[in-house]
Every structure is written in structure tokens, then in C-alpha cells.
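The values are calculated or read from the model by the stated rules, or taken from the named source; none is laboratory data. No experiment lies behind these values; they were computed from the predicted model shown. Cβ placement follows ideal geometry from the backbone for every residue including glycine, while neighbour counts extend to all protein chains displayed.
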Amino acid sequence: MQESTKNKLAWALRIIVSLLFIVSALAKLSKSEWLDSPYFAISTFEVKQLYPLGFSSDIAPYFSRFLIGIELALGLLLLQKNFIKRFVIPITILMLVVFIGHLTYVSVVNGGTSGNCGCFGELIPMTPIESIIKNIIAVIMLAIAFKLMPKETEKHNFWILTTVTLASILSLFMIAPIQKGIEETSTTQSEITETNLDTVAVQSDSILTQTKPEEKMKDTASKIKEVKIEVDKTAPTPKKSGYAKFFSKIDNGKQVLCYFVPGCDHCRDAAKQITSLKSVDPNFPKVSILFMNEEIEKIPDFFKEAGASYPYKIIEIIPFYKLLGDNKNTPGVKYLWNGNEIKYWWDPEGSNKFQPNELKNILTKPKEELNIK
């Protein structure tokens with residue numbers, strides 16, 4: 001093979017792998033379109049990919065931006081000649097080998113034919129097995145390019161490497177700056193209004209009678225005792241769900257708590273299904289919503305499409321994912337009874353997808369037929 005042909009083939013292979021790295025880095029900053037929501041995308045990457053590896057919430061934001069910055073830098077550096085054979089290609093191959101090792105471990109532990117490995121963020125879902133194959137092909141391509149490239153064409157301006165690398169890493173902190181000290185929730189007007197309505201006292205008898213203090217206390221104690229016994233017989237033992245900081249009365253009776261994203265189509269479908277159930281059942285539980293702080297300007301449209309408005313809180317992205325739960329996705333719908341978690345649906349598809357008929361059936365079951373822990 002002639003030297004010119006070897007050089008052209010080596011360039012072609014480098015360009016392909018370079019595009020692979022650049023696309024991978026940019027995809028981790030994208031939700032449904034390129035670079036449409038960098039902070040949301042990188043936060044999702046941290047929660048779904050780094051937290052399961054043991055990274056803390058303090059370290060993950062820095063590591064994610066550093067990792068994606070290095071990925072972007074290597075993609076760009078593959079397109080230049082400085083230290084290309086001495087540093088750039090070997091480091092790129094080493095990074096791919098580390099990824100292959102990690103994905104192999106994930107495949108052995110959790111299975112590699114389902115789920116999203118996160119290599120291209122949420123924009124281009126890819127299973128661990130698919131990513132392993134992709135990385136092995138990339139390693140082979142770089143090895144061939146390394147073999148074909150003449151050593152004498154390599155340049156030695158180290159400042160190019162450091163400048164591109166630092167610029168790539170810093171650009172990540174500029175595009176998706178780390179947000180510190182954000183409040184977990186923000187109060188909404190609909191929530192305040194509902195709280196005020198709940199506090200209105202209703203007079204049960206229009207005739208006022210004089211009662212001795214002792215008799216009044218005995219009568220009140222007797223009624224409280226009777227009610228308590230009745231509640232104990234018909235409902236599960238009350239417990240703290242942990243959501244009272246969002247909705248003060250959520251541990252009282254039957255409640256439906258939803259985890260929604262305002263712009264999520266699956267979430268809107270679930271909200272419409274809940275509204276449909278509520279419209280035909282006058283005893284349907286009170287519905288409360290925790291919205292992720294992403295596209296919150298779409299909340300009015302969300303309720304318009306749902307066909308009803310519900311009390312809600314807005315939660316920052318990282319705390320929202322923590323509340324949603326590990327390896328869980330929106331829409332999340334949780335049925336609570338006296339603070340006890342009876343049923344939790346937490347996926348847009350599959351066996352954990354919200355099923356309105358299932359909720360309808362569970363609502364009619366007595367506590368003895370429910371698996372209450």
C-alpha cells in the first residue's frame with residue numbers, strides 16, 4: 001500500500017473516531033435536541049450513571065464535567081498532528097478500554113441487553129452490549145490508524161494539547177454551570193389556595209347548647225376514642241411517608257403522589273388517565289404533584305391537557321431524581337394510604353408503567369388484601 005493511501009486511510013479512521021467522541025460528549029449535554037438543556041442532561045447523566053458507581057452528590061458534578069470535557073478534547077485532538085502517536089491515540093485507546101471494562105462489569109451484574117449505558121446520554125439510548133461493540137470497533141480503528149501513520153509526520157507542540165484540553169473542560173463548566181445552594185422546592189399559588197380551603201371550619205350544628213366542662217371533656221374523649229378504634233380497624237397504621245414537607249396532609253388517608261416533568265408526553269398521558277379516574281369516582285384520593293424544575297413554563301399547558309389542576313411543588317433536578325428513586329424514570333405515580341406506600345409505578349413503559357385500571361382496583365381493596373410493610 002502506498003504511503004499516500006495509508007495516510008488517507010489513517011485520516012479517515014481518525015475522523016470517524018473523532019466524530020464518535022465529539023457526538024458522545026455533545027449528546028450528554030442534550031435532552032431531545034442538540035444542546036437543548038445542558039444542565040438537565042448532565043444532571044441526568046450524574047444521577048443515572050455516576051451515583052450508582054458510588055460518586056457522591058458533591059463529587060459527581062465536577063467529575064461529570066471533567067469526563068465529558070476530556071471526551072470532547074480527545075475528539076478534537078484526533079484531528080491534529082501534535083503528539084498524535086505518542087499521547088493522543090494511546091490515551092484515547094486507554095479510555096475506551098476502561099469504558100469496555102466498566103460496561104463488561106455492568107453487563108455481568110445487571111445484564112447488558114437492556115437499559116441505557118449513558119454513552120450518548122439520554123439523546124441516543126444504547127445498551128451496554130451495543131456500547132461494548134462500538135468501543136471495541138473504535139479501538140481496532142485507532143490501532144489500525146496508529147499502524148498506518150508515519151511517525152515523521154508527528155508534530156510536538158504540547159501547548160496545543162493543553163490548550164484544547166483545558167478549553168474543552170472549562171467550556172463544560174460554562175455551558176452547564178454547577179448550581180449550588182438551590183432550594184429544593186418552591187411554593188405555588190395553587191398549593192396556598194388549597195391549604196387555605198382545608199383550614200376553613202365547618203359548623204356541624206346550628207343550635208348552641210350549654211355543656212358542663214367536665215361532660216364536654218368526657219364526651220370529646222369518648223368520640224376521639226371511638227374514631228380512633230374505627231380508623232385502626234379500617235385503615236393501615238399511620239406512618240410518616242417523608243412527603244409532609246411538601247404537602248402537609250399527605251399522610252392522612254388515601255393519597256396519590258405523582259412525579260412529573262411538565263414537558264414529558266408520558267407524564268401528560270398519566271395525568272389525563274388520573275383525571276379520567278377522578279371524574280368517575282367521587283371518592284378518588286387527593287392528587288398532588290412533584291414537578292421537576294425543567295420546562296416549568298409548560299405547567300399551565302400541562303394542566304390544560306390533563307383536564308384538571310392539582311396542588312404541586314417544583315423540585316430541583318437532582319433532588320427530584322433522588323425522590324423518584326434509583327434507576328427509576330418519569331412518570332412516577334405513588335399510591336399512599338395513611339403514609340404507607342401501597343403501590344409505586346415509575347416507568348414510561350414495561351411492567352412498571354402506570355396502569356390506571358390497576359390503581360382503580362387497588363383503591364377498592366381493604367388493608368388485609370394489601371402488602372403493607
In the list ILE129, ILE140, which residue meets the criterion of being in a helix (DSSP H, G or I) and modelled with pLDDT of 95 or more?
ILE140
Answer yes or no as to whether ILE314 is more than 22 Å from LYS353 (Cα to Cα) and in contact with a strand residue (DSSP E or B) (Cβ under 9 Å, 6 or more places away or on another chain).
yes
Of the conditions (1) at pLDDT 95 or above; (2) under 26 Å from SER56 (Cα atoms); (3) not β-branched (Val, Ile, Thr), TYR335 fails just one. Which one is it?
(2)
The residue from SER186, SER288 that alone is of a type in the set (Ser, Thr, Tyr) and modelled with pLDDT of 50 or more is SER288
Let me spell it out: the conditions are (1) touching a helix residue (DSSP H, G or I) at 6+ places or on another chain (Cβ under 8 Å); (2) assigned to a helix (DSSP H, G or I); (3) farther than 14 Å from LEU257 by Cβ, and GLU368 meets all of them except one. Which number is the exception?
(1)
Those residues of the range 73-131 which are in contact with a Lys or Arg (Cβ under 8 Å, 6 or more places away or on another chain) and aromatic (Phe, Trp, Tyr), in sequence order:
PHE83, PHE120
Complete set of residues in the range 338-352 that are touching a residue at least 24 places away in the same chain (Cβ under 8 Å), over 18 Å from the mean Cα position of the chain (by Cα) and not in a strand (DSSP E or B)
ASN338, GLY339
Based on this model, can you work out whether MET174 counts as free of Cβ contacts under 8 Å to residues at least 24 places away in the same chain and assigned to a loop (DSSP other than H, G, I, E, B)?
no
Consider PRO52 against the criteria (1) closer than 14 Å to PHE120 by Cβ; (2) at pLDDT below 90; (3) part of a helix (DSSP H, G or I): it satisfies all of them except one. Which criterion is unmet?
(1)
Could you tell me which residue of the range 103-128 is surrounded by the most Cβ atoms within 10 Å (Cβ to Cβ), considering only residues that are in contact with a Leu (Cβ under 8 Å, 6 or more places away or on another chain) and more than 14 Å from PHE21 (Cα to Cα)?
PRO128
The one condition in (1) modelled with pLDDT under 90; (2) not in a helix (DSSP H, G or I) that LEU79 fails to fulfil
(1)
Close pairs from the range 260-287: first in contact (Cβ under 8 Å) with a residue 40 or more places away in the chain, partner in a loop (DSSP other than H, G, I, E, B) and of a type in the set (Val, Ile, Thr), Cβ under 8 Å, at least 6 apart:
PHE260/THR330; VAL261/THR330; CYS264/THR330; HIS266/THR330; CYS267/VAL261; CYS267/THR330
Out of LYS304, LYS360, LYS353, I need the residue that is within 24 Å of LYS48 (Cβ to Cβ) and surrounded by fewer than 18 Cβ atoms within 10 Å (Cβ to Cβ). Which one?
LYS353
Residue count for the range 152-163, restricted to those that are within 22 Å of MET95 (Cα to Cα), part of a helix (DSSP H, G or I) and not polar (S, T, N, Q)
4
Expected single match for assigned by TED's automatic domain parsing to the domain that holds ALA271, more than 26 Å from VAL47 (Cα to Cα), of a type in the set (Ser, Thr, Tyr) and not in a helix (DSSP H, G or I) among TYR335, TYR310 is TYR310
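Conditions (1) surrounded by 18 or more Cβ atoms within 10 Å (Cβ to Cβ); (2) over 27 Å from the mean Cα position of the chain (by Cα), marked per residue:
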| position | (1), (2) |
| --- | --- |
| GLN2 | no, yes |
| VAL17 | yes, yes |
| SER24 | yes, no |
| LEU35 | no, no |
| ILE42 | yes, no |
| PHE45 | yes, no |
| SER57 | no, no |
| TYR62 | no, no |
| LEU74 | yes, yes |
